[in-house]
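The next block holds one structure in the form of structure tokens; read it before the comments.
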Amino acid sequence: MAARRFPVEAGHVLAFTRALGAADAGLPVAGDVAPPTFAIAGAQFDPDYPLRPRPGVPWHGSGGDAGLVTEGAGGLHAEQHFVYHRPVGVGDVLTGASRPGREWEKQGRSGRLRFREQITEFRDEADELVVTARSVSVQREAW
Amino acid sequence: MTPRELAVGQRFETVVVADLKRTQIVQYAGASGDYNPLHTDEIYATKMAGYPSVFAHGMLTMGLTGQAVTGLVGAENLLRFGVRFTAQVWPGDTLTVRCSVVHVGARDAEFSVSTVNAEGTEVMAGYAHARLVT
């Protein structure tokens, strides 16, 4: 994820909280703490995020036909870890910058599994670290 | 939550979704920005990707689980939260989060977190570390 400006907006936090089935407590106010996985929604502010249809870029989902199976589309999500240096609250303006982490392979029942780690640091306007996210994706490799 | 209120081995159980609807998965896609058609496009998921239906984002399961965890410790007190996704979550699933206290310190506590479906299959396993109010 590369989000140069990820404003933690009340309406966005409300929509995210609703999607998690929370009882509707109304529009959050400045300083209200976002759900602990909210940083992931920084994808909305990544101009090149590949899992969102973008104008002029082919989309692999169904339309007139059933879609396209893409090669190496990032694999499946195997693990997700967050370290909170402080809570994320409405009114924060974050940046998100990702870097690759470790890579390893494991022999699975149906082929070789390749694991890739990605580390994303979310910082506030004072450049202080707010959340460190580490995600692991897994992809099945052809024999 | 204070250290006095917790003891190692204590367990908390919360149902975080009953009969998961495809619409809630769509709702999560819209809010999170992850529009992977495996989660929202039944035709793509079944005909192209070979799954029996769409399935929930791992991050929806983690988000639902997070609601149970912060319900216990308070969102502002969470220090670490991490999970492994161990099985897919399908429309119709009912998910229960089990949090067990594994460590209580003077100012913090650690929990093991397990989310299971109605058949008892674990779909997600992880941990949470939280500050306690003293």
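The values are calculated or read from the model by the stated rules, or taken from the named source; none is laboratory data. The shown structure was predicted, so the numbers you read here are calculated from the model rather than taken from an experiment. Here the Cβ positions follow ideal geometry from the backbone for every residue, glycine too, while neighbour counts run over all protein chains shown.
One table, with the values for the structure above:
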item: Residue in region A:3-20 that is at pLDDT below 95, outside any loop (DSSP other than H, G, I, E, B) and buried (at least 20 other Cβ atoms within 10 Å of the Cβ) present; result: yes
item: The listed residue being over 18 Å from A:Ala22 (Cα atoms) and within 11 Å of chain A (Cβ to nearest Cβ), out of B:Tyr28, B:Tyr35; result: B:Tyr35
item: Test set (1) within 22 Å of B:His57 (Cα to Cα); (2) of a type in the set (Gly, Ala, Ser); (3) within 12 Å of chain B (Cβ to nearest Cβ); (4) touching a residue at least 60 places away in the same chain (Cβ under 8 Å) - A:Gly31 fails condition number; result: (1)
item: Only one of A:Gly64, A:Gly101, A:Gly56 that is without any contact (Cβ under 8 Å) to a residue 40 or more places away in the chain and part of a strand (DSSP E or B); result: A:Gly101
item: Subset of region B:3-41 [within 21 Å of B:Val97 (Cα to Cα) and in a loop (DSSP other than H, G, I, E, B)]; result: B:Leu6, B:Ala7, B:Val8, B:Gly9, B:Gln10, B:Ala18, B:Asp19, B:Leu20, B:Lys21
item: Unmet requirement for A:Gly56, which otherwise passes all of (1) surrounded by 19 or more Cβ atoms within 10 Å (Cβ to Cβ); (2) more than 22 Å from B:Phe55 (Cβ to Cβ); (3) not acidic (Asp, Glu); result: (1)
item: Only listed residue being free of Cβ contacts under 8 Å to residues at least 40 places away in the same chain and closer than 18 Å to A:His77 by Cβ, chosen from B:Ala75, B:Ala49, B:Ala118; result: B:Ala49
item: Residues of region A:87-134 that turn out to be farther than 26 Å from A:Gly11 by Cα, in contact with a strand residue (DSSP E or B) (Cβ under 6 Å, 6 or more places away or on another chain) and of a type in the set (Gly, Ala, Ser), as a count; result: 2
item: Residue match in region B:72-87 (condition: under 11 Å from the mean Cα position of the chain (by Cα), among the charged types (D, E, K, R) and more than 8 Å from chain A (Cβ to nearest Cβ)); result: no
item: Of the criteria (1) of a type in the set (Ser, Thr, Tyr); (2) touching a Pro at 6+ places or on another chain (Cβ under 9 Å); (3) within 21 Å of A:Phe16 (Cβ to Cβ), which one B:Thr14 fails; result: (2)
